[in-house]
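First the structure, in the form of structure tokens, and then the observations on it.
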Amino acid sequence: MGRYILRRLLHGIIVIFGVTIIVFVVTRMVGDPVKVMLPLEATLEQRAAFEKQLGLDRPIMVQFVEFMGDVARLDFGDSLWQHRPAMEIVFEKLPLTLVLTAVGIGLAFVLSIPLGIIAALRPGGVSDRSTVFVSLIGLSVPQFWLGLLFIVVFAVQLHWLPTSGTATIAHIILPGLTMALPVLARLVMIVRSSMIDELNQQYVQTGYAKGIPFLRVVGLHALRNASLPVATLVGWETIRAIAGYSVVVETVFAWPGLGLTAIQAIEREDLILLQAIVFSVAVLVVMINILMDIAYTLIDPRLRLA
Amino acid sequence: MAEAAYSSKMLSGRWQDRLRGLRSLTQELWRDKAGFIGMLLIAALLLMAVAAPLLAPHDPAAQDLRARLKPPAWSAQGTWNHILGTDHLGRDVLSRLIYGSRVSLLVGAAVVTIAGTFGVIMGLLAGYRGGRTDSIIMRWIDTQVAFPGLLLALIILAVIGPSMITVIIVLSLNGWMVYGRMTRSAVLAVRQTAYVEAAEIVGCRAHRVIFRHILPNLTSPLLTLAILEFARIVLAEAALSFLGLGIQPPATSWGLDVATGKDYIFRAWWLVTMPGIAISITVLAVNLVASWMRLISDPQEREKQFARKMAVRQRRRRATGQ
């Protein structure tokens with residue numbers, strides 16, 4: 001077990017190393033950071049001074065070593081847009097993204113279990129077919145558009161909920177729902193299919209035959225065995241939410257988390273802040289991956305041997 | 001002479017076989033109503049994309065400032081000249097939708113082709129060669145899957161600058177791993193079978209074994225995967241264009257149109273709604289076809305369907321008292 005976690009940690013460090021190298025290569029060698037970040041009318045002297053400030057006038061290997069040192073110390077430099085350390089901005093915005101993700105994923109998870117089980121009890125029945133159909137629609141609707149529809153209906157037409165901001169609990173309802181629904185569609189499908197598989201197993205028949213109550217058989221025995229693929233997907237969706245959906249949802253609702261900040265950094269051509277965000281999210285993703293692997297071994301003791 | 005006649009007979013026989021196969025396939029498609037509707041919608045979309053200049057009532061880029069923000073034809077101030085209304089520059093929404101289908105389908109097809117080809121080749125290499133090739137490729141895939149793909153895409157788009165080509169490159173870079181994993185596991189399963197071993201013993205070269213004996217067995221799962229990926233790519237392109245990192249203004253894209261409509265969301269609901277509906281219908285159609293494909297390419301599912309059909313027939317027979 002300890003060695004397994006150690007191996008996963010090592011792989012995580014390799015991934016983070018890879019991300020850092022790619023960020024370095026893309027920003028310094030593919031593109032020209034000075035051209036991206038300075039205005040077009042900047043003079044040659046300004047360019048040279050800026051190059052010197054970023055250390056771009058030195059050999060690429062020296063730059064690389066410097067960069068790795070900065071990354072190790074979590075020091076990416078000052079954001080060009082806000083004139084303060086980039087990591088400070090990241091730590092300020094990160095909690096908001098985490099809250100949004102937690103609300104979205106939590107909502108999807110809590111709803112998907114009962115819906116998926118109800119659909120799985122009678123495969124091919126009315127409730128099953130309608131669940132599958134609604135999930136298919138949920139999978140097909142673009143998330144940003146769903147958010148805008150919510151704004152049109154609940155904020156513009158009905159005036160029930162605010163469209164943007166973070167002041168009260170009511171502010172998180174629409175972004176949270178937008179985050180949750182596509183995830184819910186995918187989760188319901190996987191709960192349904194793995195429950196159908198489990199309910200066809202013989203131990204379920206045995207359970208009924210022994211006189212164990214229906215709820216106990218389905219909710220305890222079958223659900224526990226069906227939970228591995230569900231847990232896998234929950235982990236994946238959490239990663240996707242932090243490193244993907246959050247960008248879209250936060251842009252739609254002006255939710256000032258990391259995702260929106262990343263888009264703003266691109267608009268303001270602030271590569272330093274963008275680097276810091278990409279690196280932090282990569283670390284977060286790797287950490288979630290490791291937690292997921294540990295969670296598997298808790299759910300399924302058979303995996304502990306591997 | 002005789003030989004030529006013989007081979008032509010063979011050829012026509014093979015064509016008849018194919019035709020029969022196609023007919024039974026369409027019959028099966030007809031039986032699955034959802035899949036049939038999906039296929040019809042995709043055909044209509046393809047037609048729309050190809051014949052866009054003929055179908056579009058207006059030039060999608062033509063501005064008409066006197067007819068700004070006209071609502072759709074069925075509402076009070078709408079005109080039949082602009083069936084789905086106009087945007088803030090007086091451009092015809094319907095025409096923009098019709099032209100926008102080109103971008104979605106083109107990006108989807110390009111990314112699926114590039115990522116699919118690369119992924120399948122990598123998967124075949126890993127599965128067939130095994131050993132060190134396998135472990136290197138799989139380590140690469142594992143590492144890239146653990147990457148936060150979209151954020152790296154953001155950095156690339158920020159540095160290189162957004163365009164249709166960059167979108168295709170970025171989405172392909174992020175999407176090939178699924179094909180690689182699936183191909184590899186399928187190759188590992190097929191490799192153990194007797195016919196692959198026989199082909200190797202007979203002395204077939206590696207590429208013949210791979211392309212003639214192994215690859216055809218992977219066709220249906222790969223096709224299903226490619227269709228599902230197509231749906232995902234259409235959504236991803238729309239999202240990138242919505243964020244301003246995809247297709248750029250003179251060109252049209254559904255995601256881009258939603259983004260421009262967003263600024264007029266309080267006054268002109270149709271600007272956001274119409275392109276969104278177009279994206280949803282496209283993706284839904286593709287998903288419907290994909291789930292039908294999964295059903296018919298899975299022998300277990302087919303057996304279940306067959307059993308269900310027999311049960312219905314029996315019940316009917318009993319009911320009529322025969």
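The values are calculated or read from the model by the stated rules, or taken from the named source; none is laboratory data. Being a predicted model, the structure only gives us computed values, none of them experimental. Because the Cβ atoms are built from the backbone with ideal geometry, glycine has one as well, and the counts that use them run over all protein chains shown.
Residues that are outside any helix (DSSP H, G or I) and within 16 Å of A:ILE16 (Cβ to Cβ): does the range A:58-73 have at least one? Within the range A:58-73, one or more residues are outside any helix (DSSP H, G or I) and within 16 Å of A:ILE16 (Cβ to Cβ). From the list B:LEU228, B:LEU245, the lone residue that is modelled with pLDDT under 90, surrounded by fewer than 22 Cβ atoms within 10 Å (Cβ to Cβ) and under 30 Å from B:ILE160 (Cα atoms) is B:LEU228. Is one or more of the residues making up the range B:60-69 at pLDDT 75 or above, touching a helix residue (DSSP H, G or I) at 6+ places or on another chain (Cβ under 7 Å) and not in a helix (DSSP H, G or I)? Scanning the range B:60-69 turns up at least one residue that is at pLDDT 75 or above, touching a helix residue (DSSP H, G or I) at 6+ places or on another chain (Cβ under 7 Å) and not in a helix (DSSP H, G or I). When the range B:23-38 is limited to residues that are within 13 Å of B:SER291 (Cα to Cα) and not charged (D, E, K, R), the one that is modelled with the lowest pLDDT turns out to be B:LEU29. Does A:LEU228 satisfy the condition of being in a helix (DSSP H, G or I), surrounded by fewer than 17 Cβ atoms within 10 Å (Cβ to Cβ), in contact (Cβ under 8 Å) with a residue 60 or more places away in the chain and hydrophobic (A, V, I, L, M, F, W, C)? Yes.
Return yes or no: is A:VAL249 under 28 Å from A:VAL191 (Cβ atoms), modelled with pLDDT of 85 or more and more than 9 Å from chain B (Cβ to nearest Cβ)? Yes: the conditions hold for A:VAL249.
The residues on offer are B:SER253, B:SER291, and the sole one that is within 8 Å of chain A (Cβ to nearest Cβ) and either modelled with pLDDT of 80 or more or under 23 Å from B:PRO72 (Cα atoms) (or both) is B:SER291.
Apart from one condition, A:TRP255 fits all of (1) within 11 Å of chain B (Cβ to nearest Cβ); (2) within 25 Å of A:THR178 (Cβ to Cβ); the exception is (1). Restricting attention to the range A:101-117, does a residue exist that is assigned to a helix (DSSP H, G or I), facing chain B (nearest Cβ under 10 Å), free of Cβ contacts under 8 Å to residues at least 12 places away in the same chain and of a type outside the set (A, V, I, L, M, F, W, C)? Among the residues of the range A:101-117, not one is assigned to a helix (DSSP H, G or I), facing chain B (nearest Cβ under 10 Å), free of Cβ contacts under 8 Å to residues at least 12 places away in the same chain and of a type outside the set (A, V, I, L, M, F, W, C), which makes the answer no.
Restricting B:VAL93, B:VAL145, B:VAL159 to residues that are among the aliphatic types (A, V, I, L, M) and away from every other protein chain (no Cβ under 14 Å) narrows the list to B:VAL93.
Scanning the range B:180-212 for residues that are among the hydroxyl-bearing types (Ser, Thr, Tyr) and either assigned to a helix (DSSP H, G or I) or in contact with a Ser or Thr (Cβ under 7 Å, 6 or more places away or on another chain) (or both) turns up B:THR183, B:SER185, B:TYR195.
Condition first: among the hydroxyl-bearing types (Ser, Thr, Tyr) and closer than 30 Å to A:LEU274 by Cβ. Can you find one or more residues in the range A:208-217 that meet it? Checked against the condition, which is being among the hydroxyl-bearing types (Ser, Thr, Tyr) and closer than 30 Å to A:LEU274 by Cβ, the range A:208-217 yields no hits at all. Checked against the criterion of being within 12 Å of chain A (Cβ to nearest Cβ), touching a residue at least 24 places away in the same chain (Cβ under 8 Å) and in a helix (DSSP H, G or I), the candidates B:LEU240, B:LEU245, B:LEU215, B:LEU222 yield just one match: B:LEU240.
Of the residues making up the range A:148-163, those that are part of a helix (DSSP H, G or I) and either at the interface with another protein chain (Cβ under 10 Å from one of its Cβ atoms) or touching a Gly at 6+ places or on another chain (Cβ under 7 Å) (or both) number 8. Among the candidates B:LEU125, B:LEU171, B:LEU151, the residue that is surrounded by 23 or more Cβ atoms within 10 Å (Cβ to Cβ), without any contact (Cβ under 8 Å) to a residue 24 or more places away in the chain and in a helix (DSSP H, G or I) is uniquely B:LEU151. Is it fair to say A:LEU136 is at negative phi, crowded, with 18+ Cβ neighbours inside 10 Å, modelled with pLDDT under 90 and within 13 Å of chain B (Cβ to nearest Cβ)? Here the answer is yes, as A:LEU136 does meet what is asked. All of A:ARG47, A:ARG28, A:ARG58, A:ARG3 fail the test of being modelled with pLDDT under 80, more than 23 Å from A:GLU269 (Cβ to Cβ) and of a type outside the set (Val, Ile, Thr), apart from A:ARG3.
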